[in-house]
Amino acid sequence: MQPFELTDLGAGTKEMMLNMGPQHPSTHGVIKFVLRMDGEVVAALDPDVGFLHRSIEKIAEKLSYPDFMPYTDRVDYVAAMNCNFGYARVVEKLMKMEVPKRAEYIRVIVAELNRISSHLVSVGTFGNDIGAVTPFLYAIRDRELINDLLEMLCGARLTYNFVRIGGVAFDLPDTFKEKAIAFLDTLEPKLKEFNTLLSENRIFRERLAGVCVISKEDAVAYGVTGPNLRGSGVDWDLRRDEPYSVYPEVSFEVPVGGGLVGKVGDAFDRYWVRIKEMQESAKIVRQCLEQIPEGPIMAKIPRVLKPPAGDAFDRTEAPRGELGYYLVSDGSSKPQRLKIRTGSFAAVSIIPKIAPGWMIADIVALIGSLDIIAPEIDR
Amino acid sequence: MGLEALKEEITKALSTIVVEPVWAEAAGDLALHVLPGSLKAVAAALKGVGFRLLLAVAVVDEGETFRVVYPLCSLERRLRLILMTSVPRQAPDIDSLVDVWPAANWHEREQAELFGVTFVGHPDPRHLLLPDDWEGYPLRKDYKEPEVYRGISTERPYWEDEGCSRSN
Amino acid sequence: MHYTLRNKLPSTALFTTVDAVLNWGRLSSLWYLLFGTACCAIELMQTGGPRADLDRFGAVFRSSPRQSDLLIVAGTVTYKMASRIKRLYEQMADPKYVISMGSCSNCGGLFDLGYSVLRGIDKVIPVDVYVPGCPPRPEALTQGLLVLQEKIRKQRYLAREA
């Protein structure tokens, strides 16, 4: 497919302003898009964000370092473990803290399980946006199983507050390993079933082939990261290229978009990278469950955390792109400044660049395939 | 690539635009501090070295000055760098880097409305997150919340009345 | 509607059984607006999903406020969003009900420390049922719906005031 070129047909038509959101089923949360339409074709698009600006960065300056952890859950509530993980890492980096090996393994296990559940929401709602309602129900059915596993660990289903500065809150329960392996055993056939429903569905494939292509150069220039960047054909994954935690000790592939049905970087590529990543995450969890050593789960930390004055920037690979925390400490028990860099923020900022020329129905595919989520944009 | 080798290469790249780099360290990462006047030229030179990915723009309120931080990354060469500059609080004007990195567009819009700094030459200096009629710059340290916003009281009913504010 | 009906009828008529029928109809088809502002939206989604299955109680989601009877305010409401929620509520046809889901929309919750968060959706629109939790589990939201149904069951539209 190609974007349309807008030409004046001389029919005396006028452009129309169209508001999409903040309450719209396919904007994935409270985001508003102001579209200037020429018939069905988008002439310009202006995202209006900030409906969920919850001042998390200001709150960080009011609370002590450990007290802020629950707020990181809510930076990206679909992948809360990954956000916990990133925040714990940046404070540890500033304090030059060593985390016990077992804690690192548990962190990777929960982060990857959370990545699977996040991608399930992503591909499920994407199908729903395009018009396939059934796969959505399959996806959230499978997601419940991961919620059960994580609930077993920390008692919460969505906002876990599980990773702590210096380790994790609880050790794995006795039956966790067998239950997790039982889940992973069922995940493979379920993904296969999901693929027959959606990925191999001819309507779905042809609907997305070549739609809303993001080129490599644009993706990098606009700071798009994570599965969206890989969907554009850039082979970059922090877990492999700037390895952190215990990722060097496990083996996994990094799926990259290859224009399977259309062009490299189209909506289907971004979708397909996520499906592949779920399989890779399952692989990582399996290896971690095998390799996990015995030992303590918390480093020895002082009662009041006072990191030395200075800056630290650390980023991790979250399901929606690179999640970076820029932390400035003045030596007291509260951060002087905490800036949170999220994947969705960059992903939305590229939409006005890509959208013109595509039909309004394709914009829904673009938004769905970028997997944006409101709290990550607004914070 | 070691930090020293990277330092040397950047120093060489910056020598053509007559900028003497000031180096710092941020928890293991290399940080480069430049004067606001040379920011744009330095940014372009760094892009030439390979830093094509701008990850964020963060303003830090440091009392008399605002420090502006640009974490950068090079995908091909797997390098990291933090570019910084400081501007006085009284005249917080910073050159916009949208021409160098398009990603700076939204980041600068966001920081401008939260801190009240001005990115000179920004193509689209509107509010991003806050409503258009918002008053004040909330992420400044001396920000005071209004008592009423559009007729809605902003009072906190539970915590501060009983002297058990969570914020201290 | 019921005021005009009541005025046209003789003063001896009793309508309690019709009330019961009307209430039964209303409480058994609470169509909620597909609308989530923050974290609670994911739990709302899971509640509508296969395991908790809100459909059992006659609650299905609609994408348009015009077709909905129930507004579940699922998540944090900021000042920027507040006026939009009010408008959504005004667009819904009577009779309409509101469930405030989660601490944030009950009272600001965790985010009452922030500068941009509305401290309770009840400052903007009337609320029928408050569901506590951050976020509430699907069971809690289901309970909230059942409580609302009980509330509707006791409503009196046509019966004469004493």
Query raised in the report: So for the protein assembly as shown: antiparallel DSSP bridges make up what percent, rounded to the nearest 5?
Result: 75
Query raised in the report: In terms of the Cα gyration tensor, with a ≥ b ≥ c the square roots of its eigenvalues, is the range C:13-162 rounded because a/c is under 1.5, prolate because a/b exceeds b/c, or oblate?
Result: prolate
Requested in this report: Return the calculated 222 nm mean residue ellipticity for chain B, to the nearest 500 deg cm²/dmol, obtained by summing -39500 (n - 2.57) across DSSP H runs with n ≥ 4 and dividing by the residue count.
Outcome: -6500 deg cm²/dmol
Query raised in the report: Toward the positive end of the charge dipole of the range A:277-379, about the Cα centre and with charges on Cβ (Lys, Arg +1; Asp, Glu -1), which of A:Ile301, A:Ile360, A:Cys288 goes farthest?
Result: A:Ile301
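Using the Cα gyration tensor of the range A:135-287, with a ≥ b ≥ c the square roots of its eigenvalues, what is the shape: rounded (a/c below 1.5), prolate (a/b larger than b/c) or oblate (neither)?
oblate
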Query raised in the report: Fewest first, what order do B:Val68, B:Val22 take by the number of other Cβ atoms within 10 Å?
Result: B:Val22, B:Val68
Requested in this report: Specify the inter-centroid distance of the range A:243-283 and the range B:64-91, based on alpha-carbon positions, in whole Å.
Outcome: 31
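Report the net charge of residues surrounding A:Pro135, where surrounding means a beta-carbon distance below 14 angstrom and charges are Lys +1, Arg +1, Asp -1, Glu -1.
Neighbour charge sum, excluding A:Pro135 itself: +3.
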Query - Computed helical MRE - 222 nm, chain A, DSSP H runs ≥ 4 contributing -39500 (n - 2.57), nearest 500 - result: -14000 deg cm²/dmol
Requested in this report: Determine, for A:Lys96, A:Lys101, A:Lys14, A:Lys177, the number of other Cβ atoms within 10 Å of each Cβ, and report the residues in order from fewest to most.
Outcome: A:Lys14, A:Lys96, A:Lys177, A:Lys101
Report task. Determine the shielding of peptide A:337-348 by partner chains: average, over its residues, the number of Cβ atoms on other chains within 10 angstrom of each Cβ. Result -> 4
**Report entry** Long-range amide H partners of C:Arg156 with built H, under 5 Å
**Finding:** none
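Per-residue Cβ counts within 10 Å, from other chains only, averaged over A:307-316: what number is that?
5
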**Report entry** Ranking of A:Val108, A:Val304 by count of other Cβ atoms within 10 Å, fewest first
**Finding:** A:Val304, A:Val108
Report task. May I ask you to list, by number, the DSSP H helices of chain A whose Cα span along the axis is at least 24 Å and whose average Kyte-Doolittle hydropathy reaches -0.5 or more? Result -> A:101-130, A:134-154, A:176-194
Query raised in the report: Which angle between 0 and 90 degrees, to the nearest 10, do you get for helix C:138-153 versus the longest principal axis of chain C when only C-alpha atoms count?
Result: 20
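Taking the convex hull of the Cα atoms, report for the range B:9-116 its projected area averaged over all directions, in nm².
Approximately 6.6 nm², given one-decimal rounding.
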Query raised in the report: Which residues in the range C:47-87 place their backbone N less than 19 Å from a point set 7 Å from the Cα of C:Tyr157 along the Cα-to-Cβ direction?
Result: C:58-60, C:66-71
Requested in this report: Find which of A:Gly258, A:Tyr222, A:Ala209 sits farthest along the positive direction of the dipole of the range A:205-273, computed with +1 on the beta-carbon of Lys and Arg, -1 on that of Asp and Glu, about the Cα centre.
Outcome: A:Ala209
Query raised in the report: What is the set of long-range amide H partners of A:Ala44 at a cut-off below 5 Å, with H atoms built 1.01 Å from backbone N?
Result: A:Arg36
Query raised in the report: Taking only Cα atoms, what is the 0 to 90° angle, nearest 10, from helix C:79-91's long axis to the longest principal axis of chain C?
Result: 20
Report summary line: Relative contact order in percent for chain B (Cα pairs under 8 Å, 6+ apart) equals 15
Query raised in the report: Using modelled backbone amide H atoms (1.01 Å from N, in-plane), which distant-in-sequence or interchain residues come within less than 5 Å of B:Ala26's amide H?
Result: B:Ala31
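Bear in mind that the values in this text are calculations on the coordinates, not laboratory data. Treat the numbers as computed from the prediction; the structure is a model and nothing was measured. Quick reminder, even Gly has a Cβ in these numbers, built from the backbone with ideal geometry, and neighbours come from all protein chains shown.
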